[in-house]
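Encoded as structure tokens, the structure appears first; notes follow it.
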Amino acid sequence: MKANFLLIVVVSLVLSACAGKPSQPEPSTQTAQAMYQQAKEVLDNGLYNRAVELLQAVESRYPFGPLARQVQLDLIFAYYKSGNLPQALASIDRFIRLNPNQPDLDYVYYMRGLANLKADENSFQEFFGIDRADRDLSSTRQAFDDFKILVTSYPNSKYSTEAKKRMVQIKDTLARHELLIADYYMRRGAYLAAANRGKYVVEYYRDSPYVEQALEVMVESYEKLGLDKLKTDTYKVLKHNFPANNRF
């Protein structure tokens with residue numbers, strides 16, 4: 001009996017000690033909302049590389065949560081602003097593929113246009129005013145198509161007006177590029193190729209300020225080639241549309 005009594009006392013003391021000892025806290029965990037809020041604050045403060053890291057963490061931990069699509073949209077913006085254009089474009093294409101009916105697609109197409117446009121920018125050339133005929137503008141052309149999709153499919157989008165402005169700027173850039181190539185051909189005696197470049201500008205960029213110059217290229221090229229009728233017809237078009245032109 002005495003031994004049993006001692007056992008009961010020992011067990012009671014042990015239990016009391018356990019009850020009095022504070023329990024060890026479990027490792028702290030952040031909710032999706034808390035993680036996202038932290039990432040959003042960093043993004044809003046312009047710390048884009050850090051925002052990418054935090055948003056990637058949210059996406060990795062909560063890939064199917066209610067914030068998943070918003071996180072993906074913010075990642076697209078963060079990639080773009082941080083200069084990681086390949087990743088921005090990859091994320092955009094993935095979002096479009098997985099969310100074909102998402103109401104935010106107008107924004108996504110707008111961002112794709114901006115990213116493609118920026119992909120063709122060359123800070124060295126822009127800074128020194130250098131423009132080359134051999135410069136690849138394939139991403140700029142794709143940007144035009146992206147903005148066109150936005151304007152056509154989402155005419156009431158708040159991004160539509162800006163997209164239209166961008167399209168005008170792109171058309172002027174492409175027209176100027178065609179004339180740079182035409183000048184390259186002219187200087188090398190490839191007059192037919194030069195004329196075709198001018199003709200392309202007249203046909204596809206007719207509202208561009210470079211149409212007058214394109215017609216001049218055509219007239220001069222046809223003259224060099226001895227194509228008198230084409231020269232005369234083109235000259236008439238030039239004088240009809242630009243009566244003050246006195247080059248010829």
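The values are calculated or read from the model by the stated rules, or taken from the named source; none is laboratory data. Since we're looking at a predicted model, the values are computed, not measured. Cβ coordinates were reconstructed from backbone atoms using ideal geometry, including for glycine residues, and neighbour counts include every protein chain displayed. Side chains included, ligands, DNA and RNA excluded: accessible areas come from the protein's heavy atoms. Shrake-Rupley method; radii C 1.70, N 1.55, O 1.52, S 1.80 Å.
As a quick test, which of the pairs 118/239; 81/171; 81/158; 148/224; 164/231; 148/231 have an alpha carbon distance above 28 angstrom in this structure?
Working: 118/239 38 Å; 81/171 24 Å; 81/158 20 Å; 148/224 38 Å; 164/231 35 Å; 148/231 35 Å.
The pairs that break the limit, which is 28 Å between Cα atoms, are 118/239; 148/224; 164/231; 148/231.
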- prompt: Sorted by packing (mean other beta-carbon atoms within 10 Å per residue), highest first, where do 66-77, 109-120, 222-233, 203-214 land?
  reply: 109-120, 66-77, 203-214, 222-233
query: What is the local net charge at residue 92, summed over the other residues whose Cβ is closer than 12 Å to its Cβ (Lys, Arg +1; Asp, Glu -1)?
result: 0
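Residue 103: net charge of surrounding residues, Cβ under 15 Å, Lys/Arg +1, Asp/Glu -1, itself excluded?
0
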query: Of 82, 160, 138, which has the most accessible area with a 1.4 Å probe, and how do the rest follow in descending order?
result: 138, 82, 160
query: All other residues with a Cβ under 15 Å from the Cβ of residue 147 taken together, and with Lys, Arg as +1 and Asp, Glu as -1, what is their net charge?
result: +3
